[in-house]
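Student: Please see the structure below; I have some questions.
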Amino acid sequence: MDSAPTHTDVQTPATSGEPRDGVGRTIALVDDDKNILTSVSIALQAEGFVTRLYSDGEAALGALLDNPPDLAVFDIKMPRMDGTELLRRVRQHIDLPVIFLTSKDDEQDEEAGLEMGADDYIAKPFSLRLLVARIRAILRRNGDSGANGDPAAAIETGASIQRGRLVMDPTRHMVSWDGKNVSLTVTEFLILEALAVRPGVIKSRNQLMDAAYPDDVFVDDRTVDSHIKRLRRKFRMVDNQFSSIETLYGAGYSFTDG
């Protein structure tokens, strides 16, 4: 018999003198692993976020629609209703920013989720620091920094980048090619930005990892290759002749003005 769904709203009071850029924002966490729910909730509470916890998609669906959070984190593999189905149903009604938690063997589900409009994904096991950074970036990208947010962090990301037909706006994480919008995850954006700031310069996989992940997060070469593959596919959806991301075998990748 299935155990009763978990649903908890939690907020840790801000400690005087500590900056907490999550204050006033609510993050919904949907995962059947209680340890993940607990550890992620604690990390977010430490930044001042309010967290809502759900043990499966079916338990979360009604609550997400009735009282939408600022962002949600969905596990893909869950009983009763998995993350991709939950995203499909939620997106029929509201435009809720969503991050997927995936496992290495979830590539097909992950692809489906991103095509449905998930904002980013993070593979398990994952760094809590990375997840918090991705949440902040997506909230900024969606213009949700708010009075208690961190607008300075957005300013520090710099001015727009234009390289031929490519235009990138780091403050809003928006990208266009030939005037057509290209929807990228935060990770994809950071990798493309690292390539585009210096066209023609070869960036190794390690350099691209450093651009997209915190120092304490390990990712293997295949992860970067997968991101590059998705970047190319997304640009070819708006321009089937896109070839500005070049592979230099044994060295890395570079961006050429197109």
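The values are calculated or read from the model by the stated rules, or taken from the named source; none is laboratory data. These numbers come from a predicted model, not from an experiment. Reconstructed Cβ throughout: ideal geometry from the backbone, glycine too, with neighbour counts over all protein chains shown. In case anyone asks, the SASA skips ligands and DNA or RNA and just uses the protein heavy atoms, side chains included. Shrake-Rupley method; radii C 1.70, N 1.55, O 1.52, S 1.80 Å.
Student: How long is the gain from Val197 to Ala251 if the chain were fully straight, where each residue apart is worth 0.36 nm and the alpha carbon distance is subtracted?
Tutor: Numbers: separation 54, 0.36 × 54 = 19.44 nm, distance 1.81 nm.
17.6 nm is the gain from fully extending Val197 to Ala251.
Student: While we're here: With a 1.4 Å probe and all protein chains kept in place, how much accessible area does Lys77 have, in Å² rounded to the nearest 10?
Tutor: Accessible area, nearest 10 Å²: 110 Å².
Student: What order do you get for 64-72, 197-205 when each peptide is scored by the mean count of other beta carbon atoms within 10 Å, highest first?
Tutor: Ranking the peptides 64-72, 197-205 by packing returns 64-72, 197-205.
Student: Just the accessible area for Met78, please: 1.4 Å probe, Å², rounded to the nearest 10?
Tutor: 20 Å²
Student: So which of Lys180/Lys234; Lys203/Lys234; Lys77/Lys124; Lys77/Lys203 end up more than 23 Å apart by C-alpha?
Tutor: With Cα atoms farther than 23 Å apart: Lys77/Lys203.
Student: Residue separation times 0.36 nm, minus the C-alpha to C-alpha distance between Ser226 and Asp66: what's the value?
Tutor: Contour length minus Cα-Cα distance gives 54.0 nm.
Student: If amide hydrogens are placed 1.01 Å from N in the peptide plane, which non-local residues have theirs closer than 5 Å to the one on Val73?
Tutor: So Val73 has HN proximity to Ala28, Leu29, Val30, Ile99.
Student: Pop a pseudo-label 7 angstrom from the Cα along the beta-carbon direction at both Met237 and Ser103 and give the gap in nm to one decimal.
Tutor: The two pseudo-label positions are separated by 2.7 nm.
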